[in-house]
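Below is one structure; the comments refer to it alone.
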Amino acid sequence: MSPAARELVRGDDGLARCPWGASTPDYAAYHDDEWGRPVHGDVEIFERITLEAFQSGLSWLTILRKREGFRDAFAGFDPASVASFGEADRARLLADARIVRNRAKIDAAVVNARAAVALVEAEGPGALDRLVWSFAPAPRRRPRSLAEVPASTPESLALSKELKRRGFVFVGPTTMYAAMQAMGLVDDHLQGCATAAAARP
């Protein structure tokens, strides 16, 4: 039996999934419908970068279950709207139990929104999307086991450095690799995962 076969988990529906994708209904839906599928658009990219920063040190399940609260609290992750947040907004967010109430991460979201707006003003609509996707590596063989999934890569390090150069914060190489996985820049569904075939066009 291959390592992947030992790690894949078969759900009640008979489909084999990456083990984390079969652990809870929330994870199963995210694994099947979102994770590893290409994400485009400045708003969509900004949302994923923001949520990955909030996830740092926490379970992704916590973020998933609070995502609608985050979307409401952060104006649908419209960078221009978040960039305008001031002290009253910071106080509002710190009091909002629907999100992760971490002052440094809230401040980072506003800083990053302002960096995203500056990027779009300089390079036009879609600039954040184009920048992030310019660091997508060439397609590679899917991992056979979780042990083969890296925590970061040269591409995530390069993306991290470029975003920092552009004024973004809380965008370390490990956080950016998680974002690259979530946005479909890389495909880390295990070999044999039933939903992997749909992850990339």
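What the table below lists for this structure:
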quantity	calculated
Filtered residues of segment 126-148 (kept if surrounded by fewer than 16 Cβ atoms within 10 Å (Cβ to Cβ), in a loop (DSSP other than H, G, I, E, B) and not charged (D, E, K, R))	126, 134, 136, 137, 138, 139
Condition check for residue 132: at pLDDT 95 or above, of a type outside the set (Gly, Ala, Ser) and closer than 24 Å to residue 30 by Cα	yes
Residue match in segment 23-46 (condition: in contact with a helix residue (DSSP H, G or I) (Cβ under 8 Å, 6 or more places away or on another chain), among the polar types (S, T, N, Q) and either under 23 Å from residue 125 (Cα atoms) or crowded, with 17+ Cβ neighbours inside 10 Å (or both))	no
Residues that are free of Cβ contacts under 8 Å to residues at least 24 places away in the same chain and under 14 Å from the mean Cα position of the chain (by Cα), drawn from segment 61-84	67
Residues satisfying the stated conditions in segment 45-59, i.e. in contact (Cβ under 8 Å) with a residue 12 or more places away in the chain and either assigned to a helix (DSSP H, G or I) or farther than 13 Å from residue 172 by Cα (or both)	45, 46, 47, 48, 49, 50, 51, 52, 53, 54, 55, 58
Residue check, residue 194 part of a helix (DSSP H, G or I) and among the small types (Gly, Ala, Ser)	no
Candidate set from segment 148-166 (those that are in contact with a Pro (Cβ under 6 Å, 6 or more places away or on another chain) and of a type outside the set (Gly, Ala, Ser)); member that is nearest to residue 136 (Cα to Cα)	155
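The values are calculated or read from the model by the stated rules, or taken from the named source; none is laboratory data. What you see is a predicted model; the values in this text were computed from it and never measured. Note that we place each Cβ from the backbone using ideal geometry, even for glycine, and neighbour counts take in every protein chain shown.
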